[in-house]
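What follows is a structure written as structure tokens; I'll ask about it next.
The values are calculated or read from the model by the stated rules, or taken from the named source; none is laboratory data. Everything quoted here is computed from the prediction, not taken from an experiment. Every residue, glycine among them, receives a Cβ derived from its backbone with ideal geometry; neighbour counts consider all protein chains shown.
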Ligand SMILES: [Mg+2]
């Protein structure tokens, strides 16, 4: 059996845990001074129509009393690690999807803890005990159904779908629940009067293929509850990425750059938390017509200093804007080519030697890179330890 665990309003919930007096107020994490975008919204804010990836200014229009808090990535990483420690008590087969979401294959450990349903309950209980945070849990035979199950009763959901009940669970759901059915596909379904998963299931292979091509067969599989994807544990991290989908397309360059800065800070903070350096960075942009481009560039040497990645990311972004000025639906930032940070790179070594040599001539200088690394380390520490005043890059909001 597969368990999908998804934390509820994760960043916002961590902040409210730190400042419980905010619990009854509409809270978002992600912006200051009316700029930037919402990274997470608590459920009180969602009642006002505030959503993730919405520009803060728009969120404030919808909810005048909105409390906006800055992102404190180190805190969320710490909570995420505690959550993963809980997972590890029950299975090593863990596939993280993001800081607050993971698939667990508990097939091999089910009998040790009675059954999968019981494991799900223990995980929910342990996470609450360990982190004072609430999650939603979905349990099913495969990833597809488990993910729907965790989502359908959010927040504080717990849905177990036995093999026998799987089809009756899926049948009444709308076609938008089919993984991969975006707006275009949904419209096509509507054209043919196909509204629910049960409706999809009644269609033939030939018909589905004629309408959707290969995707048609994939939809048929899902509608019948067939999903062969296995849980693939993150044995070795290959890349780290973050992306934001805007609820409404954004063409305000300041919002886009602030968002890219946020993403870059979040990704590089994760790099440092995992003790990695990365050699390559890339941006991803999706336009309103769903056309998606990626642009990447490699550093001369692996690094984890935020400013170094940010400069390159902004350069890639500006270049891409020159090629295509249309509004943006999604923006993403990723790093890859990860290597363990041994604390000393070749360049640091070289810098040290140079510094010593320079010293011989009485003009020793601290390598510039080292200073930047120290700034990042201090920022990470301050953000982690001291609650309310956090260190962020000013230009994330003043561009
Ligand atoms: Mg979540």
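Quick check on this structure: which one of 66, 75, 112, 170 is within 16 Å of the ligand (Cβ to nearest atom) and either on the phi < 0 side of the Ramachandran plot or surrounded by 16 or more Cβ atoms within 10 Å (Cβ to Cβ) (or both)?
75
To continue, here is another question. Tell me, yes or no, whether the range 46-55 has at least one residue that is within 16 Å of the ligand (Cβ to nearest atom), closer than 18 Å to residue 132 by Cβ, at pLDDT below 95 and surrounded by fewer than 22 Cβ atoms within 10 Å (Cβ to Cβ).
no
Starting from residues that are at pLDDT 90 or above and surrounded by fewer than 17 Cβ atoms within 10 Å (Cβ to Cβ), keep the ones in the range 326-347 and report whichever is nearest to residue 269 (Cα to Cα).
Only one residue fits best here, namely 336.
How many residues does the range 153-173 contain that are touching a helix residue (DSSP H, G or I) at 6+ places or on another chain (Cβ under 9 Å) and assigned to a helix (DSSP H, G or I)?
Residues flagged as touching a helix residue (DSSP H, G or I) at 6+ places or on another chain (Cβ under 9 Å) and assigned to a helix (DSSP H, G or I) within the range 153-173 amount to 4.
Which numbered condition trips up residue 292, out of (1) touching a residue at least 40 places away in the same chain (Cβ under 8 Å); (2) in the same structural domain as residue 324 (by TED's automatic domain parsing)?
Tallying (1) touching a residue at least 40 places away in the same chain (Cβ under 8 Å); (2) in the same structural domain as residue 324 (by TED's automatic domain parsing), residue 292 fails exactly one: (1).
Quick one: which helices (runs of 4 or more DSSP H) sit completely within the range 177-296 and have at least 1 residues that are at pLDDT below 95 and within 30 Å of residue 81 (Cα to Cα)?
253-273
Within the range 124-144, is there a residue that is at pLDDT 95 or above, over 22 Å from residue 90 (Cα atoms) and surrounded by fewer than 17 Cβ atoms within 10 Å (Cβ to Cβ)?
Within the range 124-144 (the criterion being at pLDDT 95 or above, over 22 Å from residue 90 (Cα atoms) and surrounded by fewer than 17 Cβ atoms within 10 Å (Cβ to Cβ)), the answer is no, since none of the residues qualifies.
Across the range 121-142, what is the number of residues that are in a helix (DSSP H, G or I) and more than 16 Å from the ligand (Cβ to nearest atom)?
Going through the range 121-142 one residue at a time, the tally reaches 6.
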